[in-house]
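Structure first, then comments.
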Ligand SMILES: COc1ccc(Cn2ccc3ccc(-c4cc(N)[nH]n4)cc32)cc1
């Protein structure tokens with residue numbers, strides 16, 4: 001997978017070169033290219049924004065600059081690519097989204113700032129046959145798209161083959177079965193007079209699986225009842241419903 005990110009703050013994306021993702025890039029499991037949007041300005045001030053038509057607070061990012069940037073970074077043509085535009089007004093980005101995007105050959109992220117990007121940039125991209133996803137990472141307002149891109153790139157990249165040391169981690173993490181992950185423990189057996197639950201220290205794998213599922217159901221019911229409601233009817237068996 002190749003990932004391109006266009007932004008006026010390229011350094012915001014430096015964390016993509018660190019740790020697990022940095023190693024995945026070094027190992028050639030994915031390519032990441034970050035582009036400074038100001039490269040496509042032609043004025044001495046390198047202006048990327050202007051006042052909004054119709055008035056209102058803040059500024060809007062100019063279509064000309066974005067148009068030239070995306071013409072170069074995301075040329076229309078045979079190789080399919082998906083243009084992702086983070087916005088507070090977007091569809092929710094979820095684990096399902098991450099899984100779907102993990103199958104893409106190319107992802108291009110457009111990081112807006114100010115009050116966002118002129119709508120015609122997205123219209124033009126769609127008119128050129130490019131898939132455009134406007135996505136939100138949560139119901140809160142950031143200052144720009146860069147942090148949202150860090151979140152989404154990490155969520156997608158960890159699903160790529162070879163990126164995670166243990167592939168079971170991605171297959172079995174939170175949301176994989178529609179439930180939240182339950183509590184985890186490691187050594188020592190007792191810490192500050194708090195003991196690891198006995199069942200986890202025994203060798204009964206069926207009892208451990210049951211205990212973990214019960215804790216996941218309790219936590220999901222307590223923190224995210226909406227996820228329980230979204231489960232398919234046959235997802236919970238009689239033992240689950242008794243929790
Ligand atoms: C119209 O209201 C606003 C529009 C934009 C902004 C600031 N801003 C500019 C670009 C940009 C990209 C993504 C996000 C974002 C995404 C999520 N989940 N929260 N916030 C915020 C962004 C503030 C307010």
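Since every read-out is calculated from the coordinates, none of them should be taken as a lab result. Predicted model, so just to flag it, every value in this text is computed and none were measured. Cβ atoms come from the backbone with ideal geometry, glycine included; neighbour counts cover every protein chain shown.
Some points to look at:
- Take every pair of alpha-carbon atoms less than 8 Å apart whose residues are at least six positions apart; their mean separation over the length of the range 1-129 yields a relative contact order of 32 percent.
- As a proxy for reagent exposure, ranking 191, 211, 66, 40 by other Cβ atoms within 10 Å from fewest up yields 191, 211, 40, 66.
- Going by neighbour counts of Cβ atoms within 10 Å, the residues 132, 243, 153 line up, fewest first, as 243, 132, 153.
- Sites residue 126 and residue 193 - FRET efficiency at Förster radius 35 Å, r taken between beta-carbons, to 0.05: 0.05
- A simple spin-label model places the labels of residue 36 and residue 100 3.5 nm from each other, with each point 7 Å out along Cα-to-Cβ.
- Relative to the dominant Cα principal axis of the chain, helix 205-223 is inclined by about 50°.
- Summary of packing: across the peptides 48-55, 11-18, 79-86, 157-164, the per-residue average of other C-beta atoms within 10 Å ranks them, highest first, as 79-86, 157-164, 11-18, 48-55.
- Antiparallel content of DSSP bridges confined to the chain, in %, to 5: 15 percent
- Value at 222 nm in deg cm²/dmol, rounded to 500, when DSSP H runs of n ≥ 4 in the chain each add -39,500 (n - 2.57): -9500 deg cm²/dmol
- Sequence of 1, 152 once ranked by neighbouring C-beta atoms within 10 Å, starting from the fewest: 1, 152
- Global form of the range 106-170, assessed from the alpha-carbon gyration tensor, a/c cut-off 1.5: oblate
- Label separation (residue 154 vs residue 91): 2.4 nm, computed from points 7 Å beyond Cα along the C-beta direction.
- Compared with the direct C-alpha span, the chain from residue 181 to residue 205 gains 6.9 nm at full extension, assuming 0.36 nm per residue.
- In terms of the mean number of neighbouring beta-carbon atoms within 10 Å, the peptides 225-233, 56-64 order highest first as 56-64, 225-233.
- Note: relative contact order over the range 181-243, using C-alpha pairs below 8 Å and six or more positions apart, is 33 percent.
- Using a Förster distance of 51 Å, the FRET efficiency for residue 17-residue 241 (Cβ separation, nearest 0.05): 0.60
- Over the chain, relative contact order from alpha-carbon pairs under 8 Å, at least 6 apart, %: 19 percent
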